[in-house]
Amino acid sequence: MTPPLIELEGIRRSYRSGDVVTHALRGVGLSIHAGEFVAIIGASGSGKSTLMNIIGLMDRPSDGAYRFGGRDVATLNRDELAALRRGCFGFIFQNYHLIPTVSALGNVEMPAIHAGAPRAYRHRRATALLTRLGLANRITNRPSQLSGGQQQRVSIARALMNGGAVILADEPTGALDSKSGTEVLGILKKLACDGHTIILITHDSKVAAAAERIIRIEDGLIVSDSGPDPEKVSSSIAVAPWQASDSAPPLWTWLEEAARSAFAALAINPVRTALTLSGIVIGVASVVAMMAIGRGAQASYIERASAIGTNWIVVDRAGESTGNSLPLTPADAQAIKDMDNVSGSMPAMWDMATMRRGNIDLNTDVIATTSEFRTVHKWDMAKGTFFTKQDEVSGGPVVLLGATLASKLFPGIADPSGSNILINNLPFLVTGVLESKGLSERGTDRDKRAVMPLRTAAMRLFGKDDLSEIVVSIADMSRLHETKEAIKALLIRRHGREDFYIYDSASAFQKAEDERRSSNLLLSAIAAISMLVGGIGIMNIMLITVSERTREIGVRTAIGARTADILGQFLTEAVVLAAIGGVVGLLLGAVIGVGAALLFGMTVIFSVTMALGALLGAVVMGTVFGFMPAYRAARLKPIEALARG
């Protein structure tokens with residue numbers, strides 16, 4: 001007689017619950033040869049199912065030795081046991097234990113998926129097995145669409161997928177009617193004739209009679225054994241057509257199957273899935289919309305700042321000139337212009353005036369200055385010509401109009417140069433129109449202004465020559481502080497006191513930029529909290545999912561899934577869930593951004609990098625918060641998972 005395939009010596013299995021110890025097996029010794037059809041019969045609680053779980057490597061004995069094919073299984077780790085189950089064992093359960101979200105074909109393919117078999121082979125073999133068992137027209141049906149007998153046939157086909165050298169059938173007819181039960185026993189007999197080793201667990205002596213060898217177990221001990229039939233003992237183990245190995249399946253195959261299963265699982269509870277996604281969706285949408293609007297505001301701000309000039313130092317008078325305070329004068333401006341690192345120095349006088357043309361009256365700002373206006377502001381003409389040096393010296397009644405002002409005073413006239421208007425009821429000649437500059441940093445329209453020579457305004461309009469301010473442009477901004485202090489020292493020498501104050505546009509712009517960044521940080525924090533809440537939601541839903549699918553975990557591990565397979569499966573579901581939320585969040589953020597542009601006229605600039613970053617953040621959140629539930633699922637023992645499921 002050939003060496004036994006399965007050898008058990010002194011197998012004991014005890015369970016402890018608090019201070020209570022239950023002895024399920026009390027020293028079982030058993031040998032089973034390849035090709036035998038064995039029935040293990042016993043009443044409920046006799047230990048027969050515990051014995052089957054140990055033989056099928058789903059449980060470990062408390063004591064004793066178990067050798068399979070001469071190899072001591074006690075030396076095998078978790079994944080090595082899974083590989084042995086995957087390559088040599090097939091399980092047929094009383095309650096079928098089919099995965100409800102997967103078709104009959106998908107259930108049968110499952111062992112080969114965990115073995116890394118090519119898809120074409122899996123489809124071909126699973127279809128052939130189902131056809132052989134009379135289910136050719138049911139391969140796309142889910143378990144809920146099959147009868148009990150059909151589900152058990154699917155379970156048998158799954159057991160044979162990787163060859164099923166050893167078939168462990170636990171009460172395979174217990175949930176079936178007599179006709180279906182007879183059919184299942186007939187299939188098992190035929191499998192035994194084909195060389196498979198069949199171990200049938202039952203409490204029914206009629207079912208046990210189908211076997212060639214009957215072993216009776218009572219109170220954890222074998223009380224009778226009809227013994228093997230030497231003539232029926234095979235000399236070799238049935239081998240799978242495609243031999244499973246201990247190596248993991250190709251990464252792409254593994255990812256594809258994990259993603260496919262994840263989508264199927266998430267589709268079962270769409271409402272719950274949608275609610276779980278809400279936190280991620282809101283977080284990603286907030287990031288995308290906020291950054292798009294923020295970038296647009298920044299671009300508009302920079303555009304306005306560039307137009308105004310960020311390289312300014314502005315000198316303002318401290319108050320109205322008194323006996324103790326000297327006014328700012330054009331001579332002060334000229335002295336500043338002659339300083340190092342100063343590229344322009346524009347004396348300026350500001351005041352309001354009334355402009356009239358025909359029956360059109362407008363109150364607007366008038367800037368009285370010199371030709372330095374063009375250097376400092378970098379503001380050129382759109383039409384006509386700038387006032388001349390002669391106009392500055394003589395104080396001629398000439399004026400330049402901003403684009404908005406020109407369009408209001410001369411509606412429908414493209415170029416009003418050479419036309420006359422009244423300013424405070426005094427006639428002035430329009431020599432040109434300034435190019436459009438848009439809104440200022442304060443949101444006022446800079447094109448609704450008039451510009452004239454400084455001497456003209458002092459003589460004809462304002463009756464004074466005290467400057468409102470001196471605007472200084474700096475050549476090298478890296479020397480801004482140094483130049484600012486030098487101007488301050490110069491004016492103190494000229495005035496004998498500090499009767500003025502100085503500020504620079506760069507600092508003002510920087511302050512506004514800092515405020516914008518602070519707002520962005522606040523909004524980013526809100527978005528991050530939303531994503532954090534979404535991540536916690538994913539963790540909670542995955543914990544619920546693991547609890548609901550404990551039986552599926554048990555089935556997968558029983559048919560050979562590695563720890564990494566289970567971990568990867570549930571982690572993939574968490575990542576897919578987060579990725580879906582991220583994509584929906586991107587779309588919602590885009591809608592919000594476009595809506596802000598269309599409804600409120602905001603400048604909106606979307607960033608592909610930011611969008612991908614938000615999506616990546618959602619995926620990372622799903623990975624981090626999905627790991628713990630996935631790890632919990634991966635550490636479940638097959639027998640515990642099946643019992644709890």
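Here are a few things to note about the model shown:
- Filtered residue count, the stretch 78-112, keeping only those that are aliphatic (A, V, I, L, M) and part of a helix (DSSP H, G or I): 9
- Neighbours by Cβ (under 8 Å, 6+ apart or cross-chain): first from the stretch 38-65, without any contact (Cβ under 8 Å) to a residue 60 or more places away in the chain; second part of a helix (DSSP H, G or I): L57/V73; L57/L81; L57/L84; L57/R85; R60/I54; R60/A74; P61/I54; A65/A74
- Residue within the stretch 504-514 that is surrounded by 13 or more Cβ atoms within 10 Å (Cβ to Cβ), modelled with pLDDT of 75 or more and either farther than 21 Å from G589 by Cα or not β-branched (V, I, T) (or both) present: yes
- Candidates in the stretch 445-473 are the residues that are part of a strand (DSSP E or B) and not aliphatic (A, V, I, L, M); of these, the one that is farthest from R374 (Cα to Cα) is D445.
- For the stretch 63-73, a tally of residues being within 47 Å of the chain's Cα centre (by Cα) and either among the acidic types (D, E) or in a loop (DSSP other than H, G, I, E, B) (or both) returns 1.
- Taken together, I201, I167 contain a single residue that is assigned by TED's automatic domain parsing to the domain that holds S224, in contact with a His (Cβ under 8 Å, 6 or more places away or on another chain) and outside any helix (DSSP H, G or I), which is I167.
- Yes/no for A175 being assigned by TED's automatic domain parsing to the domain that holds G195, assigned to a loop (DSSP other than H, G, I, E, B), under 27 Å from G69 (Cβ atoms) and not hydroxyl-bearing (S, T, Y): no
- The set of residues in the stretch 189-198 that are farther than 12 Å from L133 by Cβ and hydrophobic (A, V, I, L, M, F, W, C) comprises A192, C193, I198.
- Some residue of the stretch 406-413 being in the same structural domain as M452 (by TED's automatic domain parsing), assigned to a helix (DSSP H, G or I) and closer than 12 Å to M452 by Cβ: no
- Residues of the stretch 15-71 that turn out to be closer than 25 Å to G227 by Cβ and out of contact with any strand residue (DSSP E or B) (no Cβ under 9 Å at 6 or more places or on another chain), as a count: 1
- Looking only at residues in the stretch 467-478 that are surrounded by 13 or more Cβ atoms within 10 Å (Cβ to Cβ) and out of contact with any helix residue (DSSP H, G or I) (no Cβ under 9 Å at 6 or more places or on another chain), the one that is modelled with the highest pLDDT is E469.
- Out of V223, V207, V239, one residue alone is modelled with pLDDT under 75 and not assigned by TED's automatic domain parsing to the domain that holds I553. It is V239.
- Residue in the stretch 435-444 that is out of contact with any helix residue (DSSP H, G or I) (no Cβ under 6 Å at 6 or more places or on another chain), in a strand (DSSP E or B) and under 30 Å from M339 (Cβ atoms) present: no
- The residue that is nearest to the chain's Cα centre (by Cα), among those in the stretch 113-123 that are over 17 Å from I553 (Cα atoms) and in a helix (DSSP H, G or I), is R119.
- Residue in the stretch 51-62 that is buried (at least 20 other Cβ atoms within 10 Å of the Cβ), at pLDDT 90 or above and assigned to a strand (DSSP E or B) present: no
- Checked against (1) within 24 Å of the chain's Cα centre (by Cα); (2) within 29 Å of M110 (Cβ to Cβ), G582 passes all but a single condition, namely (2).
- Considering the stretch 33-55, and only residues there that are of a type in the set (V, I, T) and in contact with a Lys or Arg (Cβ under 8 Å, 6 or more places away or on another chain), the residue that is farthest from I559 (Cα to Cα) turns out to be I41.
- For the stretch 414-434, a residue qualifies if it is outside any strand (DSSP E or B) and out of contact with any helix residue (DSSP H, G or I) (no Cβ under 8 Å at 6 or more places or on another chain), and the qualifying residues are A414, D415, S417, G418, S419, N425.
The values are calculated or read from the model by the stated rules, or taken from the named source; none is laboratory data. These numbers come from a predicted model, not from an experiment. As a convention, Cβ positions derive from the backbone with ideal geometry for all residues, glycine included, and neighbour counts pool all protein chains shown.
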